[in-house]
Amino acid sequence: CKSKFERLKASNDNAKKYQEGIKYYHKKDFGKALELFDDLVQRYRGQSDAEELYYYYAYTNYYLKDFTSARYHFKVFADSYPNSSRTEECRYMSAYCYYLDSPNFSLDQENTQKAIDAMQLFINLYPKSERVAEASKLIQNLRDKLETKSYNNSKLYLTIGDYQSAVIAFGNSLRDYPDTKYAEEMEYLTVKAQYLYAKNSFEVKQEDRYNTAITYSQQFTEKFPTSKYLKDAEQLKKQSEQGIIATRRYLAEAATNERLYKKIQAEKYKLSPQAQQDTTTKKK
Amino acid sequence: QVSNQPRAALSKQIPPDSLSYLNPREYIIGGITVSGTKFLDKDVLIQISKLNKGDKITIPGEASSNVIKALWDQGLFDDVQLNITRLTLDSVYFDIQITERPRLSRIHLTGIRKGEIEDIQKMLNDKGGKIVNENLLNTTTNIIKKHFNEKGFLNTTVIIKQRKDPADANSVILDVAIDKKQKVKINKITFEGNVAFTPKKLKGYLGKTRERKWYHLFGSKKFMRDKYDEDKQDFTDKLQAKGYRDAEIVSDSVYRHDDKTVDIKIKIYEGPKYYFGKVTFSGNAKYPTAFLNTLLRIKKGDIFSEENLNKRLSGPTANSDDISSLYLNDGYLTYQADPVQTRIYNDTIDVDVRMYEGPQYTINRVLIKGNDVTNDKVILRGLHTKPGQRFSKEAIVRSTRDITQLGNFDEQKTDPKPTNINPQDGTVDIVYNVVEKPSDQIELSGGFGGGQLVGTLGLTFNNFSLRNLFNGKAYRPLPKGDGQKLSLRGQSNGQDYQNYSFTFSEPWLGGKKPIYFALTAYTQLSSNVSSYASTDPNYYHLKINGAGVTLGRQLKWPDDAFQLNYSFNVDHYSLQNYPGYLFKNGTSWNIKLTQEFSRNSLDAPIYPTSGSNLKFTVQVTPPYSLFNNTNYKIATAQERYQFVEYHKWKFESQWFQKIYGKLVLKSQAQFGFMGYYNKDVGQAPFERFKLGGDGMQSYQYLQGSEIIGLRGYKNFSIVPVGSTYTDQNNPGSPIFNKYMLELRHPVIASQSATIFVLAFAEGGNVWNSFSDFAPFNVRRSAGVGARIFLPIFGLLGLDYGYGFDTIPGQPDANKGQFHFSISQSLTGGFN
């Protein structure tokens, strides 16, 4: 014996289905509403209630947390009924569904990027809408997420001891997000990574790399004269300078010490283009 | 038919030349009417048309053609016209004339099986609600015919009848009668024009189009058009690879032989056989021509084969010793080699390879895409491509392998791509596209052991995240994404036997270095409380508790496939009136330190096709007898084994290699030995080796015995020669070895399931002392089996083995035996 709902679903009384569907919707029984609407949207195309039906249909998906479907249906609504009073709302909701589908920063950010694009499109289409303020706020949240991702992934290289990679990654991150809130910290970490990179390099390469660290440190001091990392950055500069002196002394000694000289020649060979490409650091 | 030309109405009202694309004019829309509607709402159609009364419109112009487009896109009409009913000086009146068509309410399929109906319904799903016209009928017929043609039913007929849907006005039901007819096979393939090649050889070149012959045991003998077309392409390639550079198929025809079969006739032109002349290089700056020639391995006079030449130039080759690997592994990402045939004289062809080396590229960014569950760092930290490194194809291949080894991603879909290639500053970004796959496993089983039913429930989460344990948002349905592993397992048959275990592991302890950390704990209880009260003299009780911690790390030397692990484990045994053992009452401690040195270079965890897995293990306990003042010469068993002492050594190795096609050979050898520090203490009863059977950790094990499978024999039935133990009371032996050869062939290799079949020959034996040890005196067996890997259940296996050697005193221990196994040899195990 079938329940009332199943009988209704199997029937062909579209008008009844529509009314009952709306009732279920208002009773917040979205699962049942969706089942009825799913059947109807095809059949109502080109008929007078189609617009309202589709509006409810999109929201039903939204309330069921199927944001991927909801986002699509809101967009279809906006594209089909560009003159409707609900079009602006649906465009916003479509973008908002992307926003809700944007995951934690350490996962793939495809939806974050799409959410930003969709929100921006909304702002461009309805610059006078009262939803613009909210949309701008959401865009800021999404951008923060991308910045956090970039910052964390760059810092990972420093954590696992790939100092050269860290320097490059921090540089890229700062180029991608020049006004990021992590700018100061990342600039400082660049100094640190460069110093550690130099320190862990073969002696023949150290002086150049220490010099780069000194340059980074000076740039940092100029840019952030009141930074809480200022002391540390200056300390790293001092250590780099000491490192250069130590390297020079080591290389000078090698000129008179045959064993050391041979070792350096071997290192130079390793660094030469003919040799196997490998990292130019001693240890990892 | 779409028409946006104003028609009859126009000519009456205004002169025909007043509307012209050369002279568009702007009008105000004076009114819109709709004609031809039967079921649709006119206002809605006007709304869809986006024409508004009072708006300005340029005629002719884009706006008027958009009306047609917008309406047509609805897919509701057979015809849409936009007519102008009246045109005054500044106003235009439109009439939208449409022809409605009945819509499709459903498709009713007959003449085929239920499963087939479902398959086809799925393919036709998107047709619901569309209008029924010739196009719909044709596409429906074609989809069905194509579906069956691909399966070898070439003569399928489809008849479609329309009938009104009584329940829904303006809708029709399609009754589709399908007659598959019989499958068409290939009777005979004949060739014409072949001189150098025998028909047999030529038939072999048609890989998937094969004659119906009794000796074609495997593979399809059906005729399938698309496979045949592919085969034809390969066919000429194969002829050309043999030096027949001009070879081609002149004509071919497939014709009916009888109702069930077709004949194929192929006419070919072979042309002369060509040979390589001089091979020169130009444009090569990095490596001299002589060096490139040695890598190319093509000499003057070799049979000319473009395929071979291209392979040596652009790869891929099995061990990457081609020229493209040389360049691509050294940063020359945009390397190109274009072989040009410079001179052809008689049957000899000179080739000049024009090289473009380009700049050496450095990696700038490394990005991960598609990780919806697993956090970036879990993938990024293990990659061999890092910012600042020189571009290398080899490093990318290794990184890809390591990503798949994580076990959270679909092996087939892990796809690295160099993007953002920037020749100016010589940098490139590398994007790893990944697709998550379910990696959690559940083990739910009921088994019959020792005359009792034993139930097991095990859960393994392979991508666990401990730090998110208290973060409700990260639950889906458990905290995931940090690449940690948590497994919980419980096994019980009720009151008499219970075993619970817990394992947690983290591959990067502290997040700085790949230091493996694992924590395990278990507790096990066996008794006969269900049969005897605890006061009964027959009552016995055994309880084992254990905990352990493991630390390990990948080594850089000799290469980074080496791993060194240390574990510290404590097991505590408490016996009460326990029969058939060394002592009946008392406690025993097994405190051990294990060092495991291993190297794993298998290319895949579930179905390896190449690589090796070696493991050397040493396990020691403190030498208590040196300092505990026990007089072991007169000590009771309880005193003797309160603190167990022994040292144990084990060496295990396995190799996988491709033999032929997809056939893989697994060869394996294992050896284990346990010794004692003090002659007076003697051999420890714990941790011995028990050989025979499926190798599953059985609930019978009490003293931490190491269980080694040997198919074709009953579980634990292998006892030393001359011993009178049986599989029931086998206490285990201190020495064992085992050899195995196994041929494996895949049946299905996909994301959702991996299935392979195997045939094996193996042998192993145990000894009580080195004086008896004879490594080649083994108990032998052979057999066949199959393994199924399902992502949620793990690896399930069934083997049939035949043991050739009788075990004295155990008449049913050898001969034919079935073995069932779960989740073995997944974690680098050797069973």
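The values are calculated or read from the model by the stated rules, or taken from the named source; none is laboratory data. Bear in mind that the values here come from a model prediction, so they are computed numbers and not experimental data. Neighbour counts run over all protein chains shown; Cβ positions are idealised from the backbone, glycine included.
With respect to the conditions (1) modelled with pLDDT of 90 or more; (2) farther than 28 Å from B:Lys377 by Cα, B:Pro537 falls short on a single one, namely (1).
If I go through segment A:150-180 residue by residue, how many of them are of a type in the set (D, E, K, R), touching a helix residue (DSSP H, G or I) at 6+ places or on another chain (Cβ under 7 Å) and either buried (at least 18 other Cβ atoms within 10 Å of the Cβ) or away from chain B (no Cβ under 12 Å) (or both)? If you could, list the steps in order and put the result at the bottom.
If we filter segment A:150-180 for residues that are of a type in the set (D, E, K, R), which is where we start, we get A:155, A:162, A:175-176, A:179.
Next cut, touching a helix residue (DSSP H, G or I) at 6+ places or on another chain (Cβ under 7 Å) only: A:155, A:176.
When the remaining residues are screened for being either buried (at least 18 other Cβ atoms within 10 Å of the Cβ) or away from chain B (no Cβ under 12 Å) (or both), the result is A:155.
Total satisfying the criteria: 1.
Listed by first and then second residue, the pairs linking a residue in segment B:745-756 that is farther than 19 Å from B:Lys658 by Cβ to a residue that is exposed (fewer than 13 other Cβ atoms within 10 Å of the Cβ), with Cβ atoms under 8 Å apart and 6 or more places separating them unless they lie on different chains, are B:Ser750/B:Gln412; B:Gln751/B:Gln412. The numbered conditions (1) part of a helix (DSSP H, G or I); (2) touching a helix residue (DSSP H, G or I) at 6+ places or on another chain (Cβ under 8 Å) are all true for B:Tyr632 except (1).
A single member of B:Asn462, B:Asn499 is farther than 20 Å from B:Gly704 by Cα, of a type outside the set (Ser, Thr, Tyr) and modelled with pLDDT of 85 or more, and it is B:Asn462.
Just one of the numbered conditions (1) within 14 Å of chain A (Cβ to nearest Cβ); (2) surrounded by fewer than 21 Cβ atoms within 10 Å (Cβ to Cβ); (3) without any contact (Cβ under 8 Å) to a residue 60 or more places away in the chain; (4) not small (Gly, Ala, Ser) is not true of B:Gln341: (1). Within the bounds of segment B:440-449, is there any residue that is surrounded by 16 or more Cβ atoms within 10 Å (Cβ to Cβ), closer than 30 Å to B:Leu488 by Cα and free of Cβ contacts under 8 Å to residues at least 12 places away in the same chain? Among the residues of segment B:440-449, at least one is surrounded by 16 or more Cβ atoms within 10 Å (Cβ to Cβ), closer than 30 Å to B:Leu488 by Cα and free of Cβ contacts under 8 Å to residues at least 12 places away in the same chain, which makes the answer yes. In segment B:544-570, the residue that is farthest from the other protein chains (Cβ to nearest Cβ) out of those that are modelled with pLDDT under 90 and assigned to a strand (DSSP E or B) is B:Ile544.
Residues satisfying the criterion are absent from segment A:90-99 (criterion: modelled with pLDDT of 90 or more, surrounded by fewer than 21 Cβ atoms within 10 Å (Cβ to Cβ) and in a helix (DSSP H, G or I)). In segment A:82-102, what count of residues is obtained for those that are of a type outside the set (Asp, Glu) and more than 27 Å from the chain's Cα centre (by Cα)? Residues that pass the stated criteria total 6. A:Asn12 is checked against (1) within 14 Å of chain B (Cβ to nearest Cβ); (2) in a loop (DSSP other than H, G, I, E, B); (3) under 38 Å from the mean Cα position of the chain (by Cα); (4) not small (Gly, Ala, Ser) and fails just one. What number does that condition carry? For A:Asn12, the failing item is (3).
B:Pro579 meets the conditions (1) at pLDDT 85 or above; (2) surrounded by fewer than 16 Cβ atoms within 10 Å (Cβ to Cβ) in every case but one. The failed one is (1). In segment A:15-25, of all residues being more than 14 Å from chain B (Cβ to nearest Cβ) and surrounded by fewer than 17 Cβ atoms within 10 Å (Cβ to Cβ), the one that is modelled with the lowest pLDDT corresponds to A:Gln19. Of the set (1) farther than 22 Å from B:Glu706 by Cα; (2) in a loop (DSSP other than H, G, I, E, B), all apply to B:Ser612 but (2).
Among the residues of segment B:157-191, the one identified as within 20 Å of B:Tyr228 (Cα to Cα), of a type in the set (A, V, I, L, M) and part of a loop (DSSP other than H, G, I, E, B) is B:Val184.
If only residues of segment B:374-394 that are hydrophobic (A, V, I, L, M, F, W, C) and more than 7 Å from chain A (Cβ to nearest Cβ) are counted, the one that is surrounded by the most Cβ atoms within 10 Å (Cβ to Cβ) is B:Phe391.
Per the conditions (1) in contact (Cβ under 8 Å) with a residue 12 or more places away in the chain; (2) away from chain A (no Cβ under 14 Å); (3) surrounded by 15 or more Cβ atoms within 10 Å (Cβ to Cβ), the sole criterion not satisfied by B:Glu307 is (3).
In this structure, is B:Thr404 under 30 Å from B:Ser320 (Cα atoms), without any contact (Cβ under 8 Å) to a residue 40 or more places away in the chain, more than 13 Å from every other protein chain (Cβ to nearest Cβ) and polar (S, T, N, Q)? Taking the combined requirement at face value, the residue does not satisfy it. The set of residues in segment B:649-672 that are more than 12 Å from B:Asn737 (Cβ to Cβ) and of a type in the set (D, E, K, R) comprises B:Lys658, B:Lys662, B:Lys666.
Among B:Tyr573, B:Tyr539, which is in a strand (DSSP E or B) and either closer than 22 Å to B:Tyr497 by Cα or touching a helix residue (DSSP H, G or I) at 6+ places or on another chain (Cβ under 9 Å) (or both)?
B:Tyr573
In the set B:Ile442, B:Ile430, only one residue is out of contact with any Gly (no Cβ under 8 Å at 6 or more places or on another chain) and assigned to a strand (DSSP E or B); that residue is B:Ile430. Can you spot a residue in segment B:563-582 that is farther than 19 Å from B:Gly548 by Cβ and either touching an Asp or Glu at 6+ places or on another chain (Cβ under 8 Å) or among the basic types (Lys, Arg) (or both)? Taking every residue of segment B:563-582 in turn, none turns out to be farther than 19 Å from B:Gly548 by Cβ and either touching an Asp or Glu at 6+ places or on another chain (Cβ under 8 Å) or among the basic types (Lys, Arg) (or both). For segment B:156-181, the tally of residues that are more than 38 Å from the chain's Cα centre (by Cα), charged (D, E, K, R) and more than 14 Å from chain A (Cβ to nearest Cβ) stands at 3. Checked against the criterion of being in contact with a strand residue (DSSP E or B) (Cβ under 9 Å, 6 or more places away or on another chain) and either more than 14 Å from every other protein chain (Cβ to nearest Cβ) or not in a helix (DSSP H, G or I) (or both), the candidates A:Asp117, A:Asp108 yield just one match: A:Asp108.
Could we say that B:Tyr361 is among the aromatic types (Phe, Trp, Tyr), away from chain A (no Cβ under 11 Å) and crowded, with 20+ Cβ neighbours inside 10 Å here? So B:Tyr361 passes the test. Restricted to segment B:650-672, and to residues there that are among the charged types (D, E, K, R) and buried (at least 17 other Cβ atoms within 10 Å of the Cβ), the residue that is nearest to B:Lys690 (Cα to Cα) is B:Lys650.
Counting only helices (runs of 4 or more DSSP H) that sit wholly inside segment B:43-155, those with at least 2 residues that are surrounded by 15 or more Cβ atoms within 10 Å (Cβ to Cβ) and of a type in the set (Ser, Thr, Tyr) are B:134-150.
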